[in-house]
Structure formats: structure tokens, C-alpha cells
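These notes concern the structure reproduced below.
The values are calculated or read from the model by the stated rules, or taken from the named source; none is laboratory data. Because the structure is predicted, anything quoted here is derived from the model rather than measured. Please note: Cβ atoms are built from the backbone with ideal geometry, for glycine as well, and neighbour counts cover all protein chains shown. Areas reflect the complete protein model, heavy atoms only, side chains present, ligands, DNA and RNA absent. Shrake-Rupley method; radii C 1.70, N 1.55, O 1.52, S 1.80 Å.
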Amino acid sequence: MKIALIYYGGQYNHLILKNLKYLGVEAAVFSTDRPVEELNSFDGVIFSGGPFSVKDEISKMGNSPLYVKDTYIPKLGICLGHQLISYVLGGKVKKATSPEYGLIKVEIEDNDTILSGFPKEFNAWESHWDEVIEPPSGFKVLASSQYSKVQAIVNHDSTVFGVQFHPEVKHTENGTLVFKNFISAIKK
């Protein structure tokens, strides 16, 4: 199995690669200037976190909108990647009324797919100024927090996922489960 990691300059990206390697998955950093067709040669793609705002700086994210819309491989968005997937597919993203930074409590409404195996509440690491306020059509919300009502999403056929928190950071309880669950979704 080979997963592409779309890199946006976020501070935790090396930890995503480390988690995937630990789980026995080959991962490659995929730059945003590469053609869409090349991405389809991977089994899945992870859109990482980073400093951009999808509402104001999507032009700085290269071919990323095309990677979301024009590929047919399973996708996982983390933080900025979660916002990107939501925004490109018609969800609503805005500046957070109360940005979250540090350890927060995530409450699971439905531990379907990407959150399978998680307890009803867990602590997770957050670092974001923007947030998804409405998921795209055909997606359901799986988890929320006090200030961010769309912490995790999945589409109707369980092939596209987004999490606002950072599962790759050790402060996120059971974070490795997100990657395990994504790998399981790819294998289906």
C-alpha cells in the first residue's frame, strides 16, 4: 500500500509520515504542483495541516482543489486538509469564533469508520484559526468539541474523511487509530 501525503508546510507533517511507517505503509510526500493523474497511482491520500486559509489562500495550495475533486482514491484531511476537503466539496469554512490551540476534549457523536475504537470522549491536540461550520452535502458529522461543532466527518460511502484535530501528535489520545482506520478503509 502506498499513500501520498500532500504537504502544506505544517509543523507536524513528519509525524504523519512516522505514523504511517510505523503501521507498515509506504508514504511519499506529494507536492501540489504535480498533475492529478499522478495522484491516482496511489492507494490513498492524506491532506496535511498547514498555515493557509482555504477561504483566502486556496490559490497558494496549487492543484489541491483538483486532487480533492478529480481523484477517486480514499482521502483523509487533517486540520487544513479537513477544511480543504469540506470547502472544495461545497461545505462552509470560516474564521473560528473561538480558535482552538492546545489540548481540547472531542466528543464523538458517531464512532463510525475513522473514529472506530475511540471512547465517547477523548483529548486531542488542536491548532487552527479556521473551522468547518457545515460539512459538504453527503457527509455526516462524527464528532464535535466545545467550540468546533465539526471535528470529524465522513462521506456516504466511507471513502473521504476529515478531522479537525491532529491525530499524528502524541497528545491526541489514540491518534494512531485514525491512521489505522484510514488504512482499513483503503483496503475495503
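General remarks:
- Between the amide H of VAL160 and those of LYS75, ASN155, distances stay under 5 Å, these residues lying 5 or more places away or on another chain, with hydrogens modeled in the peptide plane.
- Gyration tensor verdict on segment 117-188 (Cα atoms; rounded if a/c is under 1.5, prolate if a/b is larger than b/c, oblate otherwise): oblate
- Percent carbon-and-sulfur accessible area, the chain, ignoring ligands, DNA and RNA, probe 1.4 Å: 50
- Each Lys and Arg Cβ is given +1 and each Asp and Glu Cβ -1; about its Cα centre, segment 102-185 then shows a dipole of about 200 debye.
- Positive minus negative residues near ILE183 (Lys, Arg vs Asp, Glu; Cβ under 15 Å): +4
- Set against the 2.2 N^0.38 Å expectation for a compact globular protein, segment 4-89 has a Cα radius of gyration ratio of 1.00.
- Reachable aspartates and glutamates from LYS170, criterion Cα separation under 14 angstrom, eight or more residues apart if same chain: GLU126
- Coupling constants for segment 176-185 follow from the phi torsions by the Karplus curve (6.51 cos²θ - 1.76 cosθ + 1.60, θ = phi - 60°), and in residue order they are 4, 4, 4, 5, 4, 5, 5, 4, 4, 5 Hz; glycine and proline get x.
- Rounded to whole Å, sorted largest first: equivalent-ellipsoid semi-axes of segment 43-137, Cα gyration tensor: 22, 18, 12
- In units of the compact-protein estimate 2.2 N^0.38 Å, the chain shows a Cα radius of gyration of 0.91.
- Between GLY44, GLY10, MET61, the Cα set farthest toward the positive side of the dipole of segment 4-64 (charges on each charged residue's Cβ, about the Cα centre) is that of GLY10.
- The chain, dipole about Cα centre (Lys/Arg Cβ +1, Asp/Glu Cβ -1), debye to the nearest 20: 160
- Counting only DSSP H runs of at least 4 residues, each contributing -39500 (n - 2.57), and dividing by the residue count of the chain, the helix-based mean residue ellipticity at 222 nm comes to -6000 deg cm²/dmol.
- Summed side-chain charge close to PRO74 - residues other than PRO74 whose Cβ falls under 11 Å, Lys, Arg +1, Asp, Glu -1: +1
- Loop-resident sites, segment 83-162, for trypsin sites (Lys or Arg not before Pro), counting at most 11 other Cβ within 10 Å (DSSP): LYS120
- Segment 109-183: chymotrypsin sites (Phe, Trp or Tyr not before Pro) in DSSP loop, at most 14 other beta carbons within 10 Å: TYR147
- Residues of type lysines that LYS188 reaches as a straight line, Cα spacing below 19 Å, ignoring anything fewer than 8 places off in the same chain: LYS2, LYS75, LYS180
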